[in-house]
Amino acid sequence: MAAADGPVERVEAFFRESLRLGAEGAHRPAAALMGAGLSAACQERLMELHLEQVEPFRAAVRQLGAPEPALTVDLVAGMLHTALAAVDGGAPLGGTVHAPEDDH
């Protein structure tokens with residue numbers, strides 16, 4: 001994300017990198033921890049860490065000037081979750097993400 005030039009590019013980079021990491025299984029340990037019956041304090045700390053990780057993405061969405069940036073973040077996160085589920089279900093990673101510039 002750091003190499004991306006503008007907010008749109010940073011959002012796209014976040015999406016693609018998160019999907020790539022998810023396809024490699026990087027999200028599974030966090031999901032397992034959230035479902036492990038940890039104390040409320042531990043779950044809260046995990047959520048804090050997650051929010052720290054996604055703050056550059058959230059900041060990029062705010063920079064886009066979306067009228068409701070929190071809703072926009074949630075919608076993109078929903079698309080990412082759906083794409084991750086598709087990859088987990090066997091869809092090829094390359095067939096899951098299609099950016100407009102890929103048409104050129």
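The values are calculated or read from the model by the stated rules, or taken from the named source; none is laboratory data. Keep in mind that this is a model prediction, so the values were computed, not measured. Neighbour counts are summed over all protein chains in view; Cβ atoms, including those assigned to glycine, are modelled from backbone coordinates with ideal geometry.
A few comments on the model shown:
- Of all residues in the stretch 48-68 being surrounded by 13 or more Cβ atoms within 10 Å (Cβ to Cβ) and over 15 Å from the mean Cα position of the chain (by Cα), the one that is modelled with the lowest pLDDT: ALA66
- In the stretch 12-27, the residues that are among the hydrophobic types (A, V, I, L, M, F, W, C) and touching an Asp or Glu at 6+ places or on another chain (Cβ under 9 Å): ALA23
- Scope the stretch 18-42; condition free of Cβ contacts under 8 Å to residues at least 60 places away in the same chain, surrounded by 14 or more Cβ atoms within 10 Å (Cβ to Cβ) and in a helix (DSSP H, G or I); matching residues: MET34
- For ALA4, the conditions (1) surrounded by 14 or more Cβ atoms within 10 Å (Cβ to Cβ); (2) hydrophobic (A, V, I, L, M, F, W, C); (3) part of a helix (DSSP H, G or I) all hold with the exception of (3).
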